[in-house]
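The values are calculated or read from the model by the stated rules, or taken from the named source; none is laboratory data. Every value quoted in this text rests on a predicted model; they were computed, and no experiment measured them. Here the Cβ positions follow ideal geometry from the backbone for every residue, glycine too, while neighbour counts run over all protein chains shown. Side chains included, ligands, DNA and RNA excluded: accessible areas come from the protein's heavy atoms. Shrake-Rupley method; radii C 1.70, N 1.55, O 1.52, S 1.80 Å.
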Amino acid sequence: MDYSVSSKNPAQTRTDCLVVVTGNDGRNPPASLPEATLKQIRELVKSGDFTGGKLKTLLVQRPEGLAAKRMLLVGTGTDKALETGPFLKLAARVAGALAETGAAGAAWILDNIEVSGRDTPWVVREGTRSLEDALYRFDEYRTEKRPAPRLKKWTLLTEGNARALKQAQSEGAAVARGTALARDLGNQPGNVCHPEYLVEQAKKMEKQYEGLKVQVITEKQAEKMGMGAFCSVARGSERDGRIIVFEWKKGKGKPLALVGKAITFDTGGISIKPGANMDEMKFDMCGGASVFGAIRTVCELNLPINLVGVVAAAENMPDGRATRPGDIVRTLSGQTVEILNTDAEGRMVLCDALTWVQQKHKPKAIVDIATLTGACVIALGAHAQAVYANDEALSGALLEAGETTGDRGWPMPLWEEYHEQLESPFADVAHIGGPKAGSVTAACFLSRFTRDSKWAHLDIAGTAWTSGNKKGATGRPVPMLTRWLMDEAGKK
Ligand code: BES
Ligand code: MN
Ligand code: ZN
């Protein structure tokens, strides 16, 4: 996509399609439109062709008073300023409607767009991101591809500091590209996307981005290093497990660390899952995919930070060598774990990855990302990821990044009381805490491996993909993570 920001007069802007947003009943149209166009909009409202209702659209050919070939009218359904979420939906709707036209270029007038508490760079950044995200397709395995959107040129018409707005637009596009990578990896089926495939993708990125280093820990090496928890999961599959490590060193001081769960397929292992919807367990690597996505955005923006990305990749399968319920393993941290249900594999691959990154890189803060528990889906549904942290400032920063991008999180407890559920008669810790508060006890388990670091855990089980007829990876929480990283890069 060719992006630009322009302060040109909309009437004189030569474009395939001018995007015009109005409130309910066509109220509050852009003041920069000429009278002939405003009159046409009033007539279209009067005739009932355009209502200005929420996300309603009308495409007008050869609009009055404009150099544009088409005008796309889009309604907000309100006379008030938009909130963050509704604005992002509006931008996605604009993209969707444009994709269904023959327009190869479009220009959106922003002068009447008001989003509560947000400035113009925000509108440009998040609008660009949302637009791009809405145009995403995953057609790799379709013999007959769905028609690709023709839209190639995207202009935002607004006044303001041209350099700052250009920068905001580049940021939005870079976050969208990171999100698209996370979606691509997530959508790949389990027979293609296995740990070694993820290694190949990481190595491609290493070649593509100057300054990005990739290191790989094989299952054999992990075994030798004492990662008994990681190996207890990887052991059950024909496909070897891998720990992929990205290193980006363009800042000062200790690095930040992202650690992602990448179970490329989760059958449950010996504690096998029921068949219904098990296909969705190909998405069980979306935490790892979000690390890939965030790294991509960081590289594209050349962010001046030190960052380590760790992706713990394994397949959870039942096999003659697979872990049994009741097995006890020693983790890299030295703590022993009684495995009670082999379907709780995410915390096992993560605990060793968390210990390793602390031993090796002494990060100043760690965020792990995982599709960890079905219980989290019950608790928060698809709107918010669960945010756990042992540090108030870190938790606040992530929640804030979520609000800013509409990729929202919600704070959850790590109280001592919940830890009692993890007592084991045989080992240092039991690896599950029973049916109550499953997302919380999973987080409590992880917290036992990050006591000496500033650490946060995102349970993205409800947000990483959508089910049903629009099934697919969402790329969340790449927007939250990259906003946080950009904020960190801005701190001096
Ligand atoms: N990957 C699943 C969690 C999951 C399930 C995410 C459904 C999204 C939708 C995880 O590995 C798992 O199976 N967790 C178990 C833990 C339980 C055995 C303590 C779960 O949530 O049922
Ligand atoms: Mn599982
Ligand atoms: Zn899992």
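It is to be established whether one or more residues within the stretch 275-286 are in the same structural domain as R183 (by TED's automatic domain parsing), aromatic (F, W, Y) and under 26 Å from E392 (Cα atoms).
First, pick out the residues of the stretch 275-286 that are in the same structural domain as R183 (by TED's automatic domain parsing): 275-286.
Checking which are aromatic (F, W, Y) leaves us with 283.
Right, trim to under 26 Å from E392 (Cα atoms) and you get none.
Within the stretch 275-286, none of the residues are in the same structural domain as R183 (by TED's automatic domain parsing), aromatic (F, W, Y) and under 26 Å from E392 (Cα atoms).
Restrict the check to the stretch 450-469 and report whether at least one residue is touching a helix residue (DSSP H, G or I) at 6+ places or on another chain (Cβ under 6 Å), over 21 Å from G374 (Cα atoms), open to solvent by less than 10 Å² (accessible area, probe 1.4 Å) and assigned by TED's automatic domain parsing to the domain that holds T404. Looking through the stretch 450-469, at least one residue is touching a helix residue (DSSP H, G or I) at 6+ places or on another chain (Cβ under 6 Å), over 21 Å from G374 (Cα atoms), open to solvent by less than 10 Å² (accessible area, probe 1.4 Å) and assigned by TED's automatic domain parsing to the domain that holds T404. Taking every residue in the stretch 46-66 that is free of Cβ contacts under 8 Å to residues at least 40 places away in the same chain and pairing it with any residue that is surrounded by fewer than 16 Cβ atoms within 10 Å (Cβ to Cβ) and among the polar types (S, T, N, Q), at least 6 positions away or on another chain, yields no pair with a Cβ-Cβ distance below 7 Å. The one condition from (1) open to solvent by less than 10 Å² (accessible area, probe 1.4 Å); (2) under 24 Å from K89 (Cα atoms) that L380 does not meet is (1). For A397, which of the numbered conditions (1) closer than 22 Å to V175 by Cβ; (2) out of contact with any Asp or Glu (no Cβ under 7 Å at 6 or more places or on another chain); (3) not charged (D, E, K, R) fails to hold? In the conditions (1) closer than 22 Å to V175 by Cβ; (2) out of contact with any Asp or Glu (no Cβ under 7 Å at 6 or more places or on another chain); (3) not charged (D, E, K, R), A397 misses (2) alone.
The rows are residues; the columns are (1) under 19 Å from T450 (Cβ atoms); (2) more than 16 Å from ligand 1 (Cβ to nearest atom); (3) over 24 Å from the mean Cα position of the chain (by Cα).
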residue	(1), (2), (3)
G260	yes, no, no
P274	no, no, yes
D279	no, no, no
F283	no, no, no
A289	no, no, no
G334	yes, yes, yes
D352	yes, no, no
K360	yes, yes, yes
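Pairs linking a residue in the stretch 253-266 that is farther than 16 Å from L446 by Cβ and open to solvent by 10 Å² or more (accessible area, probe 1.4 Å) to a residue that is of a type outside the set (F, W, Y) and within 16 Å of ligand 2 (Cβ to nearest atom), with Cβ atoms under 6 Å and 6 or more positions apart or on different chains, are F265/G190; F265/M281; F265/K282; F265/E315.
How do the strands (runs of 3 or more DSSP E) wholly within the stretch 25-138 filter down when requiring 1 or more residues that are surrounded by fewer than 18 Cβ atoms within 10 Å (Cβ to Cβ): which remain?
Qualifying strands (runs of 3 or more DSSP E): 57-61.
Out of all the residues in the stretch 336-348, which are near ligand 1 (Cβ under 10 Å from one of its atoms) and of a type in the set (D, E)? Result: D343, E345. Out of E196, E210, E223, one residue alone is more than 16 Å from ligand 3 (Cβ to nearest atom), open to solvent by 60 Å² or more (accessible area, probe 1.4 Å) and assigned to a loop (DSSP other than H, G, I, E, B). It is E210.
Somewhere in the stretch 311-318, is a residue under 17 Å from the mean Cα position of the chain (by Cα) and either closer than 30 Å to L398 by Cα or in the same structural domain as T371 (by TED's automatic domain parsing) (or both)?
Looking only at the stretch 311-318, we keep the residues that are under 17 Å from the mean Cα position of the chain (by Cα), and these are 311.
Retained after the next criterion (residues that are either closer than 30 Å to L398 by Cα or in the same structural domain as T371 (by TED's automatic domain parsing) (or both)): 311.
Yes, that holds for at least one residue.
Residues in the stretch 158-193 that are of a type in the set (A, V, I, L, M, F, W, C), surrounded by 19 or more Cβ atoms within 10 Å (Cβ to Cβ) and in contact with a helix residue (DSSP H, G or I) (Cβ under 7 Å, 6 or more places away or on another chain): L165, A168, A173, A174, V175, A176, L181, A182, L185, C193. With respect to the conditions (1) crowded, with 19+ Cβ neighbours inside 10 Å; (2) within 20 Å of the chain's Cα centre (by Cα), S232 lacks only one, and its number is (2). A384 meets all of the listed conditions (1) in contact with a Phe, Trp or Tyr (Cβ under 6 Å, 6 or more places away or on another chain); (2) under 30 Å from G253 (Cα atoms); (3) more than 16 Å from ligand 2 (Cβ to nearest atom) but one, namely (2).
Identify, from the list P435, P425, the residue that is within 16 Å of ligand 2 (Cβ to nearest atom), outside any helix (DSSP H, G or I) and in the same structural domain as I295 (by TED's automatic domain parsing).
On the way: P425 fails: within 16 Å of ligand 2 (Cβ to nearest atom).
Answer to the check: P435.
T120: touching a Ser or Thr at 6+ places or on another chain (Cβ under 8 Å) and either within 15 Å of D16 (Cβ to Cβ) or among the basic types (K, R) (or both), yes or no? Taking the combined requirement at face value, the residue does not satisfy it. Screening T342, T355 for residues that are at pLDDT 95 or above, among the hydroxyl-bearing types (S, T, Y) and either more than 18 Å from T218 (Cβ to Cβ) or within 12 Å of ligand 2 (Cβ to nearest atom) (or both) leaves exactly one candidate, T342.
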